[in-house]
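Have a look at the structure below, then the notes.
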Amino acid sequence: MKLAVLTPHFAPDVAPTGAVVTRIVEELAARGHRIEVYTSLPWYRTNEVEPGYGGRLIRREDLPWGSITRIHPLPAPNKRALVRRAAAFGAFTTMAAVVASRGDALDGVLAVSPPLSLGLAGSRVAKARRAPFVFNIQDVFPDVVIELGYLRNPTLIAAAKRLERHCYARADAITVLSEGLRANVSGKVTDGTKVRVIPNFVDTDAITPASKDNSYRAEFGLTGKKVVMYAGNVGLSQSIDLMLEAATALAYEVDLVFVINGTGARRAELERRAADLDNVVFVDLQPIERLPEVLAAADIHVVALKRGLASASVPSKAYSIFAAGRPIVASVDEGSVIADMVSSAGGGIAVPPEDAEAFTKAIRKLLDDPGEADAMGRAGRSFVEGAASPTAIAGAYEELFTELSSKRPTTR
């Protein structure tokens, strides 16, 4: 098959979504498919286009399996500036749609959201190149920004919801990460059967349980410490304030350190608030190749979503934490995918979102019983070993495009 993939991030960009899409493309290429990738210049790490990629609006790379076309993302310096971000997404979407619409017929188009606007580009490219369109939803927008309170204007909310329904209506199939997200999206389309669950994955060969005493700990002064870590986007959806509140409550533990590893819209604010906390360490986002080492360095990992977001977002980092054999304290909505997964796998403790007391007690419980914490880590590892592999997920997309193509009239 010949496919086009429209994604906001792709290797060497370090965004989690980019890592997932990159691996799917690699697996599809290994199956002999030709793939055109349309993405942004790398910018996720610092919110600026990375050195070596400047000076040109569009760059194209030809590869044995196809091509990568990278387009300037026009990143907004402040992720809270929703109008500026929307304008940047709109410009990137327009350029991607124009560039990707040129060419021969395709067997399928895959577009990834967020940004939601890539649904417009995906549908245009699919129409221009006579191919079925699959819209992959990583987080449900605009639900996330509405729940967070960052989008309050009724006119803008109505416009965003119209855009969402329009994109869903133009897709031949919509893929989501969980049954919870399927329930959300199915309620917004006339034909719920076109919403399919294809989860993200974890590479259990690349991420394995390893010693905590590694070079990451040595580099950041963590050797000999008990480490509670949040690793990921320090953004608007995550209730990372819980880390600071727990650090304050447990400051008497002289060998305990709370590590916030990542960058994002709230990083500077949290650093200011933690200025007087000697047991909080901030670490910049690490190269993707170092992920197994980062995950291994913690005794306890944290997954934290603000209240009400579980039906619109699934933190896929939980799978990687389980693969590393570490327990999770998940501060998420009750009944959410992550809460149910943590409980059913026996891989950690789920507590209500934004509940500092419950969160701190869960941390304290695992610190007091390292044997139970280790058992939870082993249980989490066992759970993900039975989950879908990257090869299986790529196979699911291959089957989906084959199914959709068989239903379309031959026009070539």
Practice prompt. For L256, list long-range residues whose amide hydrogen, built 1.01 Å from N in the peptide plane, is under 5 Å from its own amide hydrogen.
Written response: K226
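Which whole-number percent is the relative contact order of segment 200-269 (Cα, under 8 Å, 6+ apart)?
After rounding, I find 39 percent.
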Worksheet item: Relative contact order for segment 155-306 using alpha-carbon pairs under 8 Å, separation at least 6, rounded to a whole percent?
Response: 25
Worksheet item: Given the rule -39500 (n - 2.57) for each run of at least 4 DSSP H residues, summed and divided by the residues of the chain, what is its mean residue ellipticity at 222 nm, to the nearest 500 deg cm²/dmol?
Response: -12000 deg cm²/dmol
Response to the item:
The number of Lys pairs in the chain whose alpha carbons lie under 22 Å apart, excluding pairs fewer than 8 residues apart on one chain, is 23
Worksheet item: Rounded to the nearest 5, what % of the DSSP beta bridges within the chain are antiparallel ones?
Response: 15
Fill in: Length released on extending from R272 to T402, taking residue separation times 0.36 nm less the Cα-Cα span
41.6 nm
Discussion item. Suppose the Debye formula is applied to equal point scatterers at every Cα of segment 215-385; what is log10 I(q)/I(0) at q = 0.14, 0.18 Å⁻¹?
Written reply: -0.66, -1.17
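Normalised by the number of residues in the chain, what is the relative contact order in percent for Cα pairs under 8 Å and 6+ residues apart? Please report the intermediate quantities before stating the final value.
Numbers: 801 pairs, mean separation 56.4, N = 412.
14 percent.
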Worksheet entry | Zone of E179's modelled label, taken as backbone nitrogen in segment 292-336 under 18 Å from a point 7 Å along Cα→Cβ | 310-315, 333-336
Worksheet entry | Folded to 0 to 90 degrees: helix 16-30 orientation relative to the chain principal axis, Cα | 50
Item to complete: For segment 1-134, state what percent of all Cα-Cα pairs lands in each successive 5 Å bin, counting from 0 Å until the bin that includes the largest distance.
Response: 2, 11, 22, 25, 22, 12, 5, 2, 0
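By average Cβ neighbour count within 10 Å, what is the ranking of 118-130, 168-180, 24-36 from highest down? Let's see the in-between values first.
Details: 118-130: 22.3, 168-180: 20.5, 24-36: 18.5.
Ranked by mean Cβ neighbours within 10 Å, highest first: 118-130, 168-180, 24-36.
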Worksheet entry | Separation of alpha-carbon centers, segment 3-32 and segment 54-68, rounded to whole Å | 14
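Coordinate-derived values only; no laboratory data. Everything numeric here is computed off the predicted structure, so don't read it as measured data. As a convention, Cβ positions derive from the backbone with ideal geometry for all residues, glycine included, and neighbour counts pool all protein chains shown.
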